[in-house]
Amino acid sequence: MAIPAGRLKLKTAFKKARTIAPLYTSGAVAITVDGTRLVTCVAEDILLTHIESGVEICRFVGDTQTINSLCITPSSSHVIVFTSSLSLRIYELPKSADPLQKRISPVRVVGRAHEAPVHVCTVDPTSTYLASGSADGVVKVWDILRGYVTHVFKGHGGVVSALAFNYPQDTSSVTQTRTMHLITASVDTRIRIFNLTEGASTSSGGGKPEAILEGHVSVPRGLDVSEDGRWLVSGGRDSVVLIWDLSSKPSTTKAKKTGKTTPSTPTLIKTIPILERVEALGILRDDVSFGKSKGDLSKLRFYTGGEKGVVKVWGAKKGEVLQQLGKEQDTVSGDMEEQRQILNVLYLPSTSTVVSVHADQNIIFHSLLDGTLSRQLIGFNDEIVDATFLSYPTSTNPSSRDSHLALATNSSLIRVYSIKHVDARLLEGHSEIVLALDQSANGTLLVSGSKDKTARVWAPVVKHAEEPQSWGYGCVAICEGHAESIGAIVMAREGDAPKFVFTGSQDRTIKMWDLANIPMSSNDNVPVVHCKSLTTHKAHDKDINSLDISPNDRFLVSGSQDRTAKVFEIQYVVGAGGGVRGELKLVGTCKGHKRGVWTVRFGRAERLLATGSGDKTIKLWSLDDYSCLKTFEGHTNSVLRVDFLNAGMQLVSTASDGLVKLWNVREEECMTTLDNHEDKVWALAVSADERTIVSGAADSVVTFWEDCTEENEAEKETKRTEMALKDQDFMNYLALHDYKRAIQLALAMSQPGRLFSLFKEVGASREEEEALSVSGSPAVDEVIQTLSGPDLAKLLRYVRDWNTNGKTSSVAQRVLFSIMKLRSADDVVQAFGEETVENEFADGDIAQPKTAFATGRTALKELVEALIPYSERHLSRVEKLLQESYIVDYILGEMDDGMFDSELLDDDAMEVDAGIV
C-alpha cells in the first residue's frame, strides 16, 4: 500500500559528518608519551591524529619525498622527520586537539643532514639531543633547539640499524656521576658505545667508541637500556636477545699498568633464544607492577616483536615468555605471514600499553595489565567493495542499532569498525578476497561471501567485561558448495534469528542455505556449523552481481551481467518432523537495461523494485506486471548501488563517477549530489533510522553523510527572519534620512541593489544647502569618510560592477568621485589589505601583517584596471551626446527663423565666459 506523500517530508540535504580515510600506508610511526596523539605517514604526507576520537588534527608541510624515519621528543613538543631527500625537518606539535585547516610548517630545516638516507633516529630522555644514523655508517648527534651537530661518529661497518641513549634517571645503585652515552648498532653485527659527555666533538672529526660489543651474528634491530643504566638488552635478526651488564669493571692489574681511570667494560650476561627474527625490542619500566629492577636481573622484563606478528614479554633471569600479546596464526600462507609481521613496537609506560606496527598497515594497542587488545587502528583499507551496518548487543544496551560498520575491502580480512570509539577488528577466516556483505534483520549477525567460493556467518563474541574494547566477532557457520566465487549474498529480512541466506555466484547459480541451527553468539567453545544447501537454482546466463529479499521474505530478486533482473518466489516449508525444504520459483523478469545490472533493491513500503545498471541509469519496476515505471538519468558512469529512503519516496544511488545522488521518485529528479570520492563508489549502507548514509569507494575512503534537512530549513528560516527585520530597519532609516546607518546596514547585508537605490535617491534629491557636499548629502560624505577597510573595499567592488552598465554608470561615477575626494590613496590600499587579512582569518589562515599592504596594492590595481576602460567608454559617449546637442540647437534656430537668435547668442556668450566653448 502506498504511503501518502503528505505524511513524510523529503530529505533535501546531507552533510559530511566524518570520514574513515587512510591513516598509515608505510614508514615510521610515533606516539606522544601520554598516548593521546599519533604521527603516521600516508605516502609522502605526515599526519597527526587524535587516537581516542580518530580525528585528524593536522598535516605537516613536507618536501614531497618519502619519509625515511621520524620520532617525537619525550616532552611531546617536537616531531623530527628525515626524508629521502636527506633533509632534516623539525616541527612543533600543536598542543590543542582541535583540527587545523592549514598545514604546519617546519621550524627548522637542514637541507643535507647526512650524505646517505637516515633510517633510524631517536631523542634522549631530556628532549635535548637527537641522534641519527645513516646508511653510510655515520651517526650524528644534534642539538634540537639550536640546530647544530654536537658529535659525529664514523666507522660503522655499514647501515646503522639501531640507536639508544643511555642517560640513567636513577643512579643510586651504579654511580654518582651522570654521563650520557649513545649506543649504536649496524649491519656489521657490532654494538658500539660512545661517551657524549667526555667524547669528541664535531671539530675533531669523530670519536672512538668506549666499547665494541660482539655477540650477534646478524643485524641488531633493537636496543634498550634499563632506567638505572646497568642493563643493555639487544635483539636482532639472528633470533636471539643478548643481555649485557654495563657496570662491569675492568681488571685492577690493567688499570694499575696504564695509570688511568678506564671506563666500565660491558659483559655479556645471558643469551636468550627468541626463535624468530626480532625487529623491535624494549625494556619494561617499573610501573608495570612487575617490581623494581635495580641491579637485579630477576626483576628485568623486556618485550620483543618480530616475524610471527605477536608481542612477547620475557623474563630476563630465566629467559621465558611471561606474556604473549596477540595471537599467532597456525596455518597461513607465505604472503600472509609477511604481512602480519611486526615492523616496530612502541612502549607507553604512562598507560602500560604496548603498540605494535604491522606490515599490513595495522596498528594494535595491547594492555600490559590484562594482556587484552585495547584498540586497533587500521592504517589502509585499499579498495572498498561493500559495507553494512551492524548492531553489537551489550548488557547495558541490548538493542543498540547501527553501532558498528563492516567493510569488505580488497582483502580476505573483514574490517569491523566501532563507530563511537573509532576502534576496529579484523575478522579472519576467508582465504581470498571478500566480495559481499549483509546483515540480519536486527543487525547482530554478519554474513560474507568471498572469492574462496564460501560464505561465512559471523556472530558477536560473548564476553563478561563491558569495557568498550572487549568486543569482537567470530565465525559460527560456513556455507560451502559453489564452484566459483560468491559475489552476492543476502539474509532473510524477518525475525531476530534468520531462517535462511541466499548466495549468488560466478557459476551463475543461486543457492539457498538453512540457518535454523546456527548459534546467535560466538565464543571459543562454540563449534562452527556447516550449513545445509536447501536448493540450487540456475538463474542467469552470466555472473550474478546482486541479490535482495523482499521485506516479507516472500520474494528474491537477482541482478546479473546478462542485463536482466529476475524475481523469484521463495518457498520455505518446515516439515512435521522438523525437516526444512526450500525452493525458488521464477515469477517475473525485468528486461530493459542495455548493460549489466549491478544492483537490485526491493521497495520497503510499496511493490516496487529498483535496479542500477552499467548503462548509467536507474530503473523502477512494478512487481505487478514487471514493467518499467520510471527511469532516472544523471550519473555519468555505471550505477553500482541503489537503495530506497523515506518509505520509497526517495532513492539514493552510487556510481563509478564517484558521486552519491539523492533522487525524488515522484518527480524523477536528482535532489542533491554528494561528492567526497575520487573513484568508483562500490559500497552503500543506510542506517535503520535513515539519518545516516555511508559510502565507501575504491579510493579507500569511507564517508558518513548525516541528514541535515531540518537544520538547513531552520537556518534558512532564521536567515529569512533576520533579513526581514533588517529590511524593515533599512526602510526606517531611509524614511528618517539616516543615510549613515542605511549604508552601513546595506553593506552588512551585502545588498548592492539597495545601496544603488540609496545613492541614486541622494543624487536626485540634492538640495541647495547641500550643494557643497561631494556626494549630494553631508551624511553620505560622513559615512564614506568613516567606512572601515573591508566595507570600503566592498563598496568599491560594487562601484566597479555598476560602472559596467550605462544605465547605472552615473551613480557609480558619482560614488567613485566621492571616494577619491574624501579618502586618500593609502586609505584605499589599506582597505583592500585589511579585507584580504579578514578573509584569510575567516578561512583559518594566518596572514602576515607585512604583506597586507602589498596585497592591498595588488587588489586595487586589479580594480582600477577594471574601472578605466568602462569610464573611458562612458566619457566618450557623453562627449558624443554633447556634440549632437549642438546640432539640435542649430536646427531649432533655423526652424524659428531667428526668433531665438538673441537668446542663442546670449547662451553662447555665457558658454565662452565659462570656458566651455
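Coordinate-derived values only; no laboratory data. Source: prediction; values computed, not measured. Methodologically, a virtual Cβ is constructed for each residue, glycine included, from the backbone with ideal geometry; neighbour enumeration extends over all protein chains shown.
Of all DSSP bridge pairs formed entirely within the chain, close to 100 percent run antiparallel. Applying 0.36 nm per residue to the separation of Thr786 and Lys420 and subtracting their alpha-carbon distance, the gain on full extension is 126.5 nm. Each peptide in 304-311, 565-572 gets a packing score, the mean of other Cβ atoms within 10 Å over its residues, and the list from highest to lowest is 304-311, 565-572. Less than 5 angstrom separates the built amide H of Lys308 from those of Ile342, all sequence-distant by 5 or more or on a different chain. Under the criterion of Cα pairs below 8 Å and six or more residues apart, the relative contact order for the chain equals 6 percent. Summarising the label geometry, the points placed 7 Å from Cα in the beta-carbon direction at Thr265 and Asp296 lie 3.0 nm from one another. Of the residues Val345, Ala698, Asn545, the one whose Cα sits farthest toward the positive end of the charge dipole of the chain, with +1 on the Cβ of Lys and Arg and -1 on the Cβ of Asp and Glu, is Val345.
Remark: the Lys807-Arg691 segment gains 36.7 nm on full extension, using 0.36 nm per residue and subtracting the alpha carbon distance. In this structure, Glu879 and Arg720 have a Cβ-Cβ separation that, at R0 = 51 Å, corresponds to a calculated FRET efficiency of about 0.60. Angle of helix 752-764 to the longest C-alpha principal axis of the chain, folded into 0 to 90 degrees and rounded to 10: 20°.
Between the beta carbons of Asp136 and Gln65, assuming R0 = 25 Å, the FRET efficiency works out to 0.85 to the nearest 0.05. Where only DSSP H runs of four or more residues are counted, the chain gives -6500 deg cm²/dmol as its mean residue ellipticity at 222 nm, each run worth -39500 (n - 2.57). Peptides 582-588, 523-529 ordered by packing proxy, namely the average of other Cβ atoms within 10 Å per residue, highest first: 582-588, 523-529. For the chain, the longest principal axis of the alpha carbon atoms and the long axis of helix 825-842 meet at an angle near 40°.
Full extension of the chain between Leu892 and Asn637 yields a length gain of 84.6 nm, computed as 0.36 nm times the residue separation minus the alpha carbon distance. Less than 5 angstrom separates the built amide H of Ser69 from those of Phe82, all sequence-distant by 5 or more or on a different chain. Note on Val573 and Lys102: with the Förster distance fixed at 56 Å, the Cβ-Cβ geometry gives a FRET efficiency of about 0.30.
Placing unit charges on the Cβ atoms only, positive for Lys and Arg and negative for Asp and Glu, gives segment 58-117 a dipole magnitude near 140 debye about its Cα centre. Rounded to the nearest 20 debye, the dipole size of the chain about its Cα centre is 5620 debye, using +1 on the Cβ of Lys and Arg and -1 on the Cβ of Asp and Glu. Pairs with C-alpha atoms separated by more than 32 Å, drawn from the list Lys154/Lys270; Lys16/Lys585; Lys102/Lys327; Lys16/Lys630, are Lys16/Lys585; Lys102/Lys327.
When ranked by the protection proxy of mean other Cβ atoms within 10 Å per residue, highest first, what sequence do the peptides 877-888, 180-191 form?
On the way: 877-888: 10.0, 180-191: 22.6.
Final packing ranking: 180-191, 877-888.
The lysine pair count for segment 370-510, using Cα distances under 26 Å and pairs eight or more places apart or on different chains, is 4. Summarising the label geometry, the points placed 7 Å from Cα in the beta-carbon direction at Glu92 and Gln728 lie 5.0 nm from one another. Rank Val501, Trp598, Thr564 by how far each Cα sits towards the positive end of the charge dipole of segment 457-616 (+1 on Lys, Arg Cβ; -1 on Asp, Glu Cβ) and give me just the farthest. Comparing the listed Cα positions along the dipole, Thr564 ranks first. Between the helical axis of 809-822 and the longest alpha-carbon principal axis of the chain there is an angle of about 70 degrees.
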